[in-house]
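Each value in this text was obtained by applying a stated rule to the coordinates, not by laboratory testing. Quick caveat, the model's predicted, so the values are computed rather than measured. Here the Cβ is made from the backbone with ideal geometry for all residues, glycine too, and neighbour counts use every protein chain on show.
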Amino acid sequence: MDIRRIAALARLELTDDEVPRLQGQVEQILHYVEQLGKLDLDGIEPTAHAGELFDVLREDGTEGPGLSREEALANAPLVAQDQFRLPKVVE
Amino acid sequence: MTAPRSPGAATPTELPSAVNPAQLTIAELRAAYASGDLAPADVLASIAAEIDARDPAIGGYLSYDLELALEDAKSADLSLPLGGVPIAVKDLINVKGHPCSCASKFLSGSYTSPYDATVVRKLREAGAIPFGRTNMDEFAMGSSNENSAIRPCRNPRDPERIPGGSSGGSAAVVAADIAIAALGTDTGGSIRQPASHCGIVGLKPSYGRVSRYGLVAFASSLDQCGPMTKTVADAAALLEAIAGPCGHDSTCLETPVPRYLDEIGRDIGGLRIGLPGEYFADGLDAGVRQRVEEAVGTLESLGAEIVPVSLPHTEYAVATYYIIATAEASSNLARFDGVRYGRRADSEDLVSLYGRSRDEGFGDEVKRRILLGTYVLSSGYYDAYYLRAQKVRTLIRKDFEEAFAKVDLLASPVSPVPPFRLGEKLLDPLAMYLADIYTISANLAGICGISVPCGTVETDGSHLPVGLQLLGPPLGEAALIRAAHAFEVGRPTG
């Protein structure tokens, strides 16, 4: 397993000293979970969800106002012009 | 250590003047309110003083806000089922105006909840006052509370030992009598295992019984919120308050909530209780086995019929769980990107801003699980790991369906070992995962479970609590509470 490739997919910028440690630990756990390969699972349906599968419907309407702009931005690390501020993504 | 209390339904309590109100059960506190012996504001102030005096040695709380709680106390309607009762809340459950750090550096000190979780709204509707944010493993990932990025939490019964996890703080503050009762969450045993290790009652409701809206999600198909209390009656009272439908959680069941408190005192004659052989196999500590076997004997003497059963896929549960839970976690924790809330690393490049915010903000266990979950969902590995685990989950669910066709409840240990010393397993994540063997299947199958104290084992001079686990079928909480209470009052003490 290439831990740097997985970390990039997970948007985790690991430091150099983290890489060997985490790689070893994740590989150890992967080795353990490989025991599921022993089971014959032909014809077994997967379970995505413990509950009974059902559709929940409600009237199409609103419940009144959600968070105000001020409340929604209150926890933001950086705000500009009443919006979340990000680094430039287009040159 | 505190003296054992007499569990049971509400009984009027004589209050000596020096009583610490945090020693009381919900039932006792309500009786003291009814008789006029105590008032909510005084109770809150006393608990705050107890926390200040004793929690530094325990580490059960991450914060509390006496001012906000006293404000809530002014309008407390003592006639409601939980009127004026302070409830400690695990630090991943949103309470409007309070911090919600998930014991993570990612959120600590920078996040204030903009709304109440449904369980908190329901607590308020029942008259309760959320008071105190309890310590936990970061984002609920862990079984010892050692993954808290804020501070360690210790077991009040032996401060050298772990309180269990991930709801370790909730268990510790209830056990140490610095809280009346608490809410925890259970994704793979995180209510039942710390309850067992600290010697209190912890109930994991069936999947869908309690709303997850406003809980910071770890693994959405497994997470449930439930009560952590001093008595089974208190667990019934809290569950009755928080259970029920929620328009904000499409997995929350519409099924009406029974009157769980009516189960308190009912007898268990004729109840069929199964003993899964796989839960008493190699690896179970001899002392723990002895306590649990004695507990089963007590259930039998109370009229239950004990039936051997088998859950043949038990040996695959840990592997299945650590694929499904980590896959869901890797997806759920994508929201922590450094943009809308929480930690933000300084970077001029957006992808690097995400990557560095997350690397700086998350601890090792969270990174391990995100990496593992990302791997098992990644292209080329999905079928071999994630899909395969989902199929084994079906087999595990069927094991329980077949067992519950024969019996009403199952009885087993909660943890194969008593609480270990802080640091003992920290360097071996897999060894820590393997100790979850008796609790995680319940989450995979969506069934309900409870841990109720069944004595202690002596290890190196410490008397360490042991929990009896009872498991019930989906929405089987009523029988669970009936049997747990019958055991609690029927168990020989000493």
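Neighbour counts of other C-beta atoms within 10 Å: give me B:Phe404, B:Phe336 arranged from fewest to most.
Ranked by crowding around the Cβ, least crowded first: B:Phe404, B:Phe336.
Based on the mean of other beta carbon atoms within 10 Å per residue, what is the order of B:338-345, B:141-148, A:78-85, most packed first?
B:141-148, B:338-345, A:78-85
Kindly identify region B:87-183 as rounded, prolate or oblate by the Cα gyration tensor criterion: order the square roots of the eigenvalues as a ≥ b ≥ c, call it rounded if a/c is under 1.5, otherwise compare a/b with b/c, prolate if a/b is larger, else oblate.
oblate
So for region B:23-149, averaging the separation of alpha carbon pairs under 8 Å that are six or more residues apart and normalising by length, what relative contact order in percent results?
26
Could you list, bin by bin from short to long, the percent of Cα-Cα pairs of region B:216-338 in 10 Å steps?
Reading upward from the zero bin: 10, 22, 34, 27, 6, 1.
Calculate one ³J(HN,Hα) per residue across region B:198-214 by plugging θ = phi - 60° into the Karplus curve 6.51 cos²θ - 1.76 cosθ + 1.60, and present them in order as whole Hz with x for glycine and proline.
For region B:198-214, the Karplus curve yields 9, x, 10, 9, x, 10, 9, x, 4, 4, x, 6, 10, 5, 9, 5, x Hz.
Which of B:Ser144, B:Leu203, B:Leu430 sits farthest toward the positive end of the charge dipole of chain B, with +1 on the Cβ of Lys and Arg and -1 on the Cβ of Asp and Glu?
After comparing all options, I get B:Leu430.
Restricting to DSSP loop positions (anything but H, G, I, E, B) with no more than 11 other Cβ atoms inside 10 Å of their own Cβ, which GluC sites (Glu not before Pro) remain in region B:293-381?
Qualifying residues, ordered by number: B:Glu348.
Rounded to whole Å, give me the distance from the Cα center of region B:200-241 to that of region B:84-150.
If you average the Cα positions of each part, the centres end up 14 Å apart.
What shape does region B:21-257 have by the C-alpha gyration tensor, where a ≥ b ≥ c are the square roots of the eigenvalues, rounded means a/c under 1.5, and otherwise prolate means a/b greater than b/c and oblate the rest?
Note, shape of region B:21-257 comes out rounded.
Considering just Cα atoms, how many Å³ per residue does the convex hull of region A:1-81 enclose?
Taking the convex hull of the Cα positions in region A:1-81, it is 239 Å³ per residue.
Can you tell which of A:Gly43, A:Gly61, A:Gly51 shows the greatest fluctuation in a Gaussian network model of chain A with Cα springs below 10 Å?
A:Gly61
At 20 °C and 1.002 mPa s, grab the translational diffusion coefficient of region B:367-443 from Stokes-Einstein with a Kirkwood Rh over Cα pairs, rounded to a whole number in µm² per second.
140
Decide, for region B:131-207, between rounded, prolate and oblate: order the square roots of the alpha carbon gyration tensor eigenvalues as a ≥ b ≥ c, take rounded if a/c falls under 1.5, and otherwise choose prolate if a/b is larger than b/c, else oblate.
Verdict is rounded for region B:131-207.
Would you work out which of A:Gly37, A:His49, A:Pro65 lies farthest towards the positive end of the dipole of region A:30-71? Charges go on Cβ: Lys and Arg +1, Asp and Glu -1.
Selected residue: A:Gly37.
Just list whichever of B:Lys204/B:Lys230; B:Lys105/B:Lys367; A:Lys88/B:Lys367 have alpha carbons separated by over 18 Å in the model shown.
The pairs that break the limit, which is 18 Å between Cα atoms, are A:Lys88/B:Lys367.
Residue by residue, what Karplus-based ³J(HN,Hα) values in Hz, rounded to whole numbers, does region B:338-352 have, using 6.51, -1.76 and 1.60 with θ = phi - 60° and x for Gly and Pro?
x, 9, 9, 7, x, 5, 9, 7, 8, 7, 8, 10, 5, 5, 5
For region B:61-75, take each phi angle, set θ = phi - 60°, evaluate the Karplus expression 6.51 cos²θ - 1.76 cosθ + 1.60, and give the result in whole Hz per residue in order, putting x for glycine and proline.
Per-residue couplings from phi come out as 9, 9, 6, 8, 10, 5, 4, 5, 5, 5, 4, 4, 5, 4, 9 Hz.
Taking each residue in A:28-40, count the Cβ atoms of any other chain within 10 Å of its Cβ, then average. What number comes out?
6
Search the structure for amide H atoms under 5 Å from the amide H of B:Ala126, placed 1.01 Å from N in the peptide plane, and list their residues when 5 or more places away or on another chain.
Result for B:Ala126 returns nothing.
What whole-number distance in Å separates the alpha-carbon centres of region B:338-396 and region B:430-478?
28
In whole angstrom, note down how far apart the Cα centers of region B:23-65 and region A:45-74 are.
For region B:23-65 versus region A:45-74, the Cα centre distance is 35 Å.
When you count, for each residue, the other Cβ atoms within 10 Å and take the mean per peptide, how do A:3-12, B:438-447, B:369-378 rank with the highest first?
B:438-447, B:369-378, A:3-12
What number, in percent, do you get for the relative contact order of chain A if the mean sequence gap of Cα pairs under 8 Å and at least 6 apart is divided by its residue count?
13 percent.
With charges only on Cβ, +1 for K and R and -1 for D and E, what is the dipole size of chain B about its Cα centre, in debye, rounded to 20?
Computed charge dipole of chain B: roughly 680 debye.
With an 8 Å Cα cut-off and a minimum separation of 6 or more residues, compute the relative contact order for chain B in percent.
Here the relative contact order equals 17 percent.
Over the C-alpha atoms of chain B, what are the Rg and the largest Cα-to-Cα span, Dmax, in Å?
Gyration radius and largest Cα-Cα distance of chain B: 21.1, 70 Å.
Are there trypsin sites (Lys or Arg not before Pro) in region B:254-318 that DSSP puts in a loop and that have at most 12 other Cβ atoms within 10 Å, and which ones?
B:Arg259
Which of the lysines could be linked to B:Lys406 by a straight reach, that is with a Cα gap under 21 Å, when you skip same-chain ones fewer than 8 residues away?
B:Lys398
Over all residues in A:81-89, what is the mean tally of Cβ atoms on other chains that come within 10 Å of each residue's Cβ?
Average per residue, whole number: 3.
Hull surface divided by four, with the convex hull built on the Cα atoms of the protein assembly as shown: how many nm²?
That works out to 27.0 nm², a quarter of the Cα hull's surface.
Nothing charged except the Cβ atoms of Lys and Arg (+1) and of Asp and Glu (-1): what's the magnitude of the dipole of region B:21-257 about its Cα centre? Round to the nearest 20 debye.
Its charge dipole is roughly 420 debye.
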